[in-house]
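> There's a structure below that I have some questions on.
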Amino acid sequence: MDISSWLSLVAVCVIGAISPGPSLAVVVRISVSQSSLHGVFASFAHGLGIGFWVFITLQGLAVVIEQHQQAFAVITVLGGMYLVWLGIKSLRYAGQSNAEEIEGVGASYWGSMRDGLMISLMNPKIALFFLALFSQLVDAQMTTIVKIQFWTTVVAIDSGWYVLVALLLASGPVLPWLRRNVIWVDRVMGCLLMLIGLKVMFG
């Protein structure tokens, strides 16, 4: 991959990663209501979910989703339902900042990874995003090494951004203020996730 193509990929992926959306809401909710480490676990898992979409897009399977709108619609509705479920969960446990109050410590890390992974896996629009992006950068003669470069770049940028968000919340005055008002943060995030989920489901 030449440097100009790589820089184009980096620029688009950075813009896509930092754009506010359900993924950011989930990482913030996990980091505030549990811990920054939980947020880091969720961030890496989210990056792996993005990596899955990058892989199937490079293999050409995203075209199948684009051509089979019913499958796309079903996955979209399931993704919206998952967001609504996360919102209900956030409202239900509002103010319970200690993960142990909800589930065991080990399970809570897995739960954070599950939420981070699922929020990216259950969003087929990500596949279409990469399909549109890669159509400008990918050619039929692309080697396995270049595909690995693509995959690594996208996953590193996505995971890195959300890890940065989780760690920034752990420093300075932001996290203490959020922790003091965690019940309201949980309620706001819960409502936000539910609204996003309903918007995804009903357009």
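The values are calculated or read from the model by the stated rules, or taken from the named source; none is laboratory data. Keep in mind it's a predicted model, so treat the numbers as computed, not measured. Counting neighbours? That spans all protein chains shown, and the Cβs are built from the backbone with ideal geometry, glycine included.
> If we keep just the residues of segment 10-24 that are modelled with pLDDT of 80 or more and of a type in the set (A, V, I, L, M, F, W, C), which is nearest to Arg114 (Cα to Cα)?
By that ranking, first place goes to Leu24.
> Which of the residues belonging to segment 31-83 are of a type in the set (Ser, Thr, Tyr) and at pLDDT below 80?
Selection gives Ser33, Thr76, Tyr82.
> Considering every residue within segment 166-173, establish whether at least one is modelled with pLDDT under 75, under 18 Å from the mean Cα position of the chain (by Cα), under 16 Å from Ala42 (Cβ atoms) and surrounded by 14 or more Cβ atoms within 10 Å (Cβ to Cβ).
The answer is yes, given that some residue of segment 166-173 is modelled with pLDDT under 75, under 18 Å from the mean Cα position of the chain (by Cα), under 16 Å from Ala42 (Cβ atoms) and surrounded by 14 or more Cβ atoms within 10 Å (Cβ to Cβ).
> OK, next. Could you go through segment 107-125 and let me know if any residue there is modelled with pLDDT under 70, under 22 Å from the mean Cα position of the chain (by Cα) and in a helix (DSSP H, G or I).
Within segment 107-125 (the criterion being modelled with pLDDT under 70, under 22 Å from the mean Cα position of the chain (by Cα) and in a helix (DSSP H, G or I)), the answer is yes, since at least one residue qualifies.
> Residues Lys89, Lys199: which one is of a type in the set (Lys, Arg), surrounded by 17 or more Cβ atoms within 10 Å (Cβ to Cβ) and at pLDDT 75 or above?
Just one listed residue meets the conditions, Lys89.
> Take the residues of segment 29-60 that are among the β-branched types (Val, Ile, Thr) and over 11 Å from the mean Cα position of the chain (by Cα): which is surrounded by the fewest Cβ atoms within 10 Å (Cβ to Cβ)?
Ile56
> Would you check if Gln96 is surrounded by fewer than 20 Cβ atoms within 10 Å (Cβ to Cβ), over 18 Å from Leu24 (Cα atoms) and at pLDDT 75 or above?
no
> Another question, if that's okay. Return yes or no: is Leu7 surrounded by fewer than 23 Cβ atoms within 10 Å (Cβ to Cβ) and at pLDDT 90 or above?
When the stated conditions are applied, Leu7 does not pass them.
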